[in-house]
Amino acid sequence: MNNTLHLSFFEATREVFELMLDLQKVSESAVAPGEDACGNLTISIGVIGDLTGDILYTFPKETMLEMVRIMTGGMEVSEVDDFVTSAIGEISNIISGKAMIALSERNVVCDILPPKVVESEESVCAYPVDSNTKINTEIGSVGLEVRLQSK
Amino acid sequence: MLWKEKYMLGVPLIDEQHQELFRRVTDFVETVRKPIPWEQKTEQVNRTLDFMKDYVVTHFHDEENLQRELGYPELPSHRKLHQEMVAYVVSVSRQYEESGNQEQLMQQFAGRLLAWLINHVASEDQKIADFARRKEQETHE
């Protein structure tokens with residue numbers, strides 16, 4: 001189930017990045033211990049239903065800015081402000097929603113909660129310790145951590 | 001302009017409405033992001049909010065009618081996405097008014113609206129076009 005779960009979120013991320021950002025090369029790799037990730041923003045999406053817990057997406061600053069540049073058709077964005085955080089939160093929401101639809105086709109029925117910015121020192125300079133997964137794209141990486149448990 | 005040819009569904013009324021929505025959202029984002037004092041942007045921001053409240057409802061109504069005509073099986077879940085967005089636009093407009101035109105609310109609104117619109121048109125609405133094409137193929141077989 002863990003692999004299926006993880007795959008649902010990876011596939012949803014790949015689909016969203018391709019459709020919304022025209023990113024064609026999306027792959028996964030392990031996060032190296034102690035890998036530098038300063039300036040990151042972690043978005044948490046709560047899950048309720050047959051599974052409960054959180055999905056954490058960790059976005060390095062440059063990845064976020066590039067995502068927003070693509071979405072705005074090239075607008076110059078240099079800081080992670082309310083506009084950027086909100087757009088990235090919505091993308092995390094969209095990815096999670098798509099993963100939930102994929103899981104519902106396997107009779108796992110869950111709902112997601114609105115995105116929250118994780119305010120913790122851990123998110124400032126490191127990928128989530130136990131995620132070990134990073135989604136790589138042409139414009140940078142995104143950390144993915146699936147923290148879900150069956151009821 | 002954030003519109004892309006690949007967003008076309010092949011239904012003129014809906015494609016025109018999508019292009020208009022993208023034009024308005026592009027203008028809105030450009031206004032909100034302009035490096036000038038917020039007070040100089042509020043008139044255009046208020047105009048866009050008023051437009052969105054009316055136009056989004058009209059567009060969603062037309063899009064749902066199209067889905068009904070096609071017998072699109074995912075109409076209930078698609079309508080739910082529409083209802084959630086309308087509720088969000090109404091709620092954020094009210095909060096903005098009550099806060100005395102607080103900039104932070106509009107920065108957040110612009111970011112979410114932009115991502116939502118791109119996904120909705122590039123992904124969710126394309127499923128309607130795919131369904132219509134499959135249905136037409138089956139009719140000709």
In short, segment A:87-108 residues buried by 30 Å² or more of accessible area relative to the isolated chain (1.4 Å probe) are A:E90, A:I94, A:K98
Expressed as a percent, the accessible surface of segment B:1-88 that is carbon or sulfur, using a 1.4 Å probe and the full set of protein chains, is 53 percent
Could you state the principal axis extents of the C-alpha atoms in segment B:86-141, from the largest down, to the nearest angstrom?
-> 60, 16, 8
Short to long, in 10 Å steps from zero, the percent of alpha-carbon pairs of chain B per bin is 11, 40, 30, 14, 4, 1, 0
Add -39500 (n - 2.57) for each DSSP H run of 4 or more in chain B, then divide by its residues: what number comes out at 222 nm, to the nearest 500 deg cm²/dmol?
-> -26500 deg cm²/dmol
Please compute how much accessible surface disappears when A pairs with B, both sides summed, using a 1.4 Å probe, and round it to the nearest 100 Å².
-> 1700 Å²
For chain B, with the dipole built from +1 on Lys and Arg beta-carbon atoms and -1 on Asp and Glu ones, taken about the Cα centre, which of B:M106, B:W3, B:H18 lies farthest toward the positive end?
-> B:M106
Taking the alpha carbon gyration tensor of segment B:21-76, what are the square roots of 5 times its eigenvalues, largest first, to the nearest whole Å?
-> 33, 10, 7
Cα-based Kirkwood hydrodynamic radius, the protein assembly as shown, one decimal, Å | 20.1 Å
What's the average, rounded to a whole number, of partner chain beta-carbon atoms within 10 Å of each residue's beta-carbon in A:79-86?
-> 5
Could you estimate the translational diffusion coefficient of segment A:1-114 from the Stokes-Einstein equation, with Rh from the Kirkwood formula over C-alpha pairs, at 10 °C and 1.306 mPa s, in whole µm²/s?
-> 105 µm²/s
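The values are calculated or read from the model by the stated rules, or taken from the named source; none is laboratory data. Here the structure is a predicted model, which is why all the values come from computation and not from measurement. In this analysis, Cβ positions are derived from the backbone assuming ideal geometry, glycine residues included, and neighbour counts consider all displayed protein chains. With ligands, DNA and RNA removed, areas are computed over all heavy atoms of the protein, side chains included. Shrake-Rupley method; radii C 1.70, N 1.55, O 1.52, S 1.80 Å.
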